[in-house]
Amino acid sequence: MKLLIQPDEGIEPIMRALGRARKSIQILVFRVDRSELERALLEAVQRGVAVQALIAYTNRGGDKNLRRFEMRLLERGITVTRTADDLLRYHGKMMIIDGKELHVFAFNFTHLDIALSRSFGVSTTSSKVVKEAVKLYECDARRTAYTAGCDELVVSPVNARKQLTKFVDGAKKQLLMYEMKISDPDFIELLNEKISQGLDVRVIGQSSIRGRSLPVRTMPTRLHARAILCDGSSAFLGSQSLRKLELEARREIGIIFRDKQIVKKMISIFDEDWRSAAPAVIADPAVSMLEAPAKKVAKVVAKRLDVSAKLEKVLDNVIDSGKEMPLEPEEVVEKVREAVRDEVRDAVVHAVKELVTGRISGTVEIESKA
């Protein structure tokens, strides 16, 4: 097993892996803007390698780039297949070389993710895991149902919640996590339970307001990784954050592995990142509200609240210009819920600040209890 560390190692290890291919390359693409990758695929075709590219049917704001990428590959003799549109998003990142070597990435094939972000990838030659990845790839390429047959390959929405819950719950001493955003209530409850048991739980990334009790720090540089390091001996790495949509409504791909040398290396990187990271601050308006009269706060919030503009912006993003992306009810509901919550929270925070400082339209004064 091998570890790929970003931004330290760049795209060269991926190019070397593609260059090793002698029979076949199966690659799953969600975002791509690296011309080196495209050239490596074309060179593989020229030396007789069967190259198959499975391209996401959509990504936010990048559909045109994906379609142009598809056309260029087709023109050069590469077999191109588009994922189905039955899930909200096909977000996994992996490639399989000669049916014997699996690469799972937390990053996309983009300059931003590879050169400017903390992220990771791993490769394995475990025949059981590779065989399962090939099965998953072929099911998605043929748009047929996939049934999980290997616990080490973590696939949303098929077995991700079950396997990640089991993995986290099995921790006895330590859980170190790179996490884009924890918001799933079941996982937040489980992590808090682990903390209450005395485990060393630390998160680099973000959490929702539900997870404000978790020890979270934010990196000074961009993060694009989802990884969990357990007890210094095992790890999860993949494309899924601990969020309901990513666990239950999208195609996400990860891997659980037990390679102490690689885990030890990832822990050393985590510790360095943790030292340079700053504690995440999640504003909680309820604390500030205790300092201001509730009735006045409510009046000001009612005047400030502008949910309609927020909803219009969210729906514009979800619909994504209304051409290729289908309107998925679950995603719309989730996004609308987040938008309303954010708008209400912002309105409360502004109202409390103005009441406390006596600056509502320059006339409001907070009554003294003296």
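The values are calculated or read from the model by the stated rules, or taken from the named source; none is laboratory data. Here the structure is a predicted model, which is why all the values come from computation and not from measurement. Ideal geometry is used to build each Cβ from the backbone, glycine not excepted, and the neighbour counts take in all protein chains shown.
If I filter region 225-241 for residues that are over 30 Å from Glu138 (Cβ atoms) and among the β-branched types (Val, Ile, Thr), do I get at least one hit?
The answer is no, given that none of the residues of region 225-241 is over 30 Å from Glu138 (Cβ atoms) and among the β-branched types (Val, Ile, Thr).
With the requirement that a residue be among the charged types (D, E, K, R) and part of a strand (DSSP E or B), what does region 82-104 give you?
Within region 82-104, Arg82, Glu101 meet the criteria.
Kindly provide the set of residues from region 12-31 that are buried (at least 18 other Cβ atoms within 10 Å of the Cβ) and among the hydrophobic types (A, V, I, L, M, F, W, C), ordered by number. Step through it out loud before you land on a result.
Here is the first cut: in region 12-31, the ones buried (at least 18 other Cβ atoms within 10 Å of the Cβ) are 14, 17-18, 21, 25-31.
Those that are buried (at least 18 other Cβ atoms within 10 Å of the Cβ) and among the hydrophobic types (A, V, I, L, M, F, W, C): Ile14, Ala17, Leu18, Ala21, Ile25, Ile27, Leu28, Val29, Phe30.
What is the residue count in region 137-158 for residues that are small (Gly, Ala, Ser) and closer than 19 Å to Phe257 by Cβ?
Total meeting the criteria: 3.
Going through Glu252, Glu179, Glu189, Glu193 one at a time, which residue ends up being out of contact with any His (no Cβ under 6 Å at 6 or more places or on another chain), under 27 Å from Met95 (Cβ atoms) and assigned by TED's automatic domain parsing to the domain that holds Ser119?
Working: Glu252 fails: out of contact with any His (no Cβ under 6 Å at 6 or more places or on another chain); Glu189 fails: under 27 Å from Met95 (Cβ atoms); Glu193 fails: under 27 Å from Met95 (Cβ atoms).
From the options Glu252, Glu179, Glu189, Glu193, the qualifying one is Glu179.
Only one residue in Phe107, Phe120 is in contact with a strand residue (DSSP E or B) (Cβ under 6 Å, 6 or more places away or on another chain), part of a loop (DSSP other than H, G, I, E, B) and either in the same structural domain as Arg251 (by TED's automatic domain parsing) or not acidic (Asp, Glu) (or both). Which one?
Checking each option against the conditions leaves just Phe107.
Does Val168 satisfy the condition of being more than 22 Å from Ala277 (Cα to Cα), touching a residue at least 24 places away in the same chain (Cβ under 8 Å) and surrounded by 15 or more Cβ atoms within 10 Å (Cβ to Cβ)?
The answer is yes for Val168.
Could you list, in sequence order, the residues of region 261-275 that are closer than 19 Å to Leu102 by Cα and either in contact with a Gly (Cβ under 9 Å, 6 or more places away or on another chain) or among the small types (Gly, Ala, Ser) (or both)?
Listed by number, the list holds a single entry, Val263.
Determine if region 109-122 includes at least one residue that is free of Cβ contacts under 8 Å to residues at least 12 places away in the same chain and surrounded by fewer than 23 Cβ atoms within 10 Å (Cβ to Cβ).
no
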